[in-house]
Amino acid sequence: MAEHDKSNEPSGQLPDGAPLDAPVATLWPMLLAKWTEFAKASVAFPRTPEGDAWRAAVPSVITLQAVAMALGELVERLEGPEAQRPARADVALALDKAGVLIDQHERTLLGLWPARGEEPQGQPHVQPLVQPHLQPQGRPQGVPAGVIELIGDARAAVEAVLLCRPV
């Protein structure tokens, strides 16, 4: 029998070797350190349109990652012991704030990589990702796949909260 190839399986560790199930008390400081490192590294991005777009994207990338992580913690609390569950009004407020942040930073990110042949226009109104300038694989032309994935992760985190809300 052939041995199972485990090279593509998650290692259970973050890139710096910390366990994925690290306590929240250590996870957030580790994330903050990575985000700070990312922000500092962005000054070295090339002075090209692509480098400029990535430099401008740093705050939105960090914000969307933080929102997704915070919503993940909210899911854990909602699925945990009843005494630790947040009040319904607090969950609703968290979802509203998350939605506003996601929409705002999605507009920012999509505006940084306009469709080929278009000029950037400040803060464009963003429709759902079904627009005429989409590539066949379903992402706006010019927008890096990682950016679309990040936006999707943040939106999926909202859905996860909605799916586990106690009635």
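What follows is calculated from the coordinates using simple rules that are stated; it is not laboratory data. What you see is a predicted model; the values in this text were computed from it and never measured. Methodologically, a virtual Cβ is constructed for each residue, glycine included, from the backbone with ideal geometry; neighbour enumeration extends over all protein chains shown.
Things worth noting here:
- Most to least packed among 157-163, 104-110 [average Cβ atoms within 10 Å]: 104-110, 157-163
- Working note: Karplus 6.51/-1.76/1.60 with θ = phi - 60° gives the range 95-107 the couplings 5, 4, 5, 4, x, 5, 4, 4, 4, 4, 7, 5, 4 Hz, where Gly and Pro are set to x.
- Proximal charge balance of Leu64 [Cβ under 15 Å; K/R count +1, D/E count -1]: -1
- Order of Thr63, Thr36 - criterion: other Cβ atoms within 10 Å of each residue's Cβ, fewest first: Thr36, Thr63
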